[in-house]
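Only the coordinates and a few stated rules stand behind these numbers; no lab work does. All values derive from a computational prediction rather than experimental measurement. Virtual Cβ from ideal backbone geometry, glycine too; neighbours counted across all protein chains shown.
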There are 2 protein chains.
Amino acid sequence: MNKTTVAALALFVAGTALAQQGPKPEDLIAFRQAGYKFMAWNTGRIKANLEGSYNKEEVIKAANVIAAVAGSGMGALFAPGTEKAVGNMHTHAKPALFTDKEGVGKVAMAFNKEAGELAKVAATGDAAAVKVQFGKLVEACKACHKDYRVEEKHEH
Amino acid sequence: MNKTTVAALALFVAGTALAQQGPKPEDLIAFRQAGYKFMAWNTGRIKANLEGSYNKEEVIKAANVIAAVAGSGMGALFAPGTEKAVGNMHTHAKPALFTDKEGVGKVAMAFNKEAGELAKVAATGDAAAVKVQFGKLVEACKACHKDYRVEEKHEH
């Protein structure tokens with residue numbers, strides 16, 4: 001190979017590596033926090049509907065978001081390198097979240113299940129049933145937060 | 001009414017007003033930015049699948065998230081008071097986003113439509129069809145950004 005070929009090949013390899021590299025750890029943290037925050041808007045909307053006047057369509061939309069985010073495979077956003085603050089991103093994740101695969105799998109599956117169920121119940125428009133299922137979802141959130149999230153009063 | 005009744009009534013009215021107040025403007029900005037950021041993770045995943053090896057299940061999950069977020073009624077997150085930086089939140093929204101209701105409605109509906117369509121196409125597992133529909137979704141993103149978003153190189 002002549003010098004030009006070698007240089008072109010090196011550039012190609014570097015380019016390929018870059019393309020396959022995917023998001024940086026700080027981006028992964030930002031993405032997962034965005035997922036939880038957007039879910040928070042939607043759990044808040046469902047709560048407001050249950051406490052105030054009930055709008056079936058709004059609850060359906062909110063429940064669909066939560067189900068889609070819960071089932072999106074967010075586990076990939078807890079990749080190695082995202083255990084601690086990195087770049088300009090902090091994290092609320094406890095170290096156990098990255099080591100206790102069995103326990104995390106359990107709470108994550110429970111959350112996914114309750115979220116999927118809530119979307120189904122929301123579609124019926126039965127506010128009383130939504131209230132019961134929403135309670136189960138909140139319990140699933142808390143079960144994970146208890147063991148794997150550092151609860152703080154401020155938000156990053 | 002005696003004094004106690006008046007005081008109780010005043011407390012009740014204040015409490016109701018507080019409950020109905022909902023999220024603060026800075027929270028609304030944070031929620032909408034979270035929605036776009038979480039969609040960005042998912043558009044990135046679809047792009048990576050189209051450029052690399054195609055995983056049908058991952059694309060379905062990602063497309064479902066985008067459809068659910070796009071159809072969530074995010075317009076409510078652009079409420080009065082969120083036109084400019086507030087609290088610790090900046091915004092990329094141009095002033096026109098809050099005044100040009102007809103134009104915004106048009107691009108928002110187009111985006112919602114293409115996102116819903118992408119979820120349907122993703123479910124078939126036809127990568128070539130997903131590529132075409134994903135292209136349409138990206139165009140819908142750009143159509144809105146062009147008129148209503150201040151494009152910057154850094155993220156808030």
Charge tally in the Cβ shell below 15 Å around B:GLU51, where Lys, Arg are +1 and Asp, Glu are -1, B:GLU51 excluded: +2
Label point 7 Å beyond Cα along the C-beta direction, distances from A:GLY73 to other copies (nm, shortest first): 3.1
Efficiency of FRET between B:LYS47 and A:THR124 - r from beta-carbon atoms, R0 41 angstrom, step 0.05: 0.70
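With the contact rule set at Cα under 8 Å and sequence spacing of 6 or more, what percent relative contact order holds for region A:24-148? Spell out each step's value before the answer.
On the way: 114 pairs, mean separation 38.0, N = 125.
Reported as a whole number, the value is 30 percent.
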Shielding by partners, peptide A:25-36 (average Cβ within 10 angstrom, other chains): 4
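Given Cα positions, please report Rg to Rh for region B:24-148, the hydrodynamic radius being the Kirkwood one.
Values: Rg = 15.3 Å, Rh = 15.1 Å.
Dividing the radius of gyration by the Kirkwood radius yields 1.01.
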Cβ neighbours within 10 Å from other chains - mean over A:67-78: 5
Part-to-part distance (alpha-carbon centres) for region B:38-105 and region A:107-133, which is given in Å: 24
Peptide A:54-60 - average C-beta neighbours from other chains (10 Å radius): 1
Neighbourhood net charge (14 Å Cβ-Cβ; Lys/Arg +1, Asp/Glu -1) for A:ALA122: +2
Anchor A:LYS113: aspartates and glutamates whose Cα lies under 17 Å away (excluding residues fewer than 8 positions away in-chain): A:GLU102, A:GLU139
Other copies of B:ALA128: label-to-label distances in nm, shortest first, labels 7 Å along the beta-carbon direction: 5.4
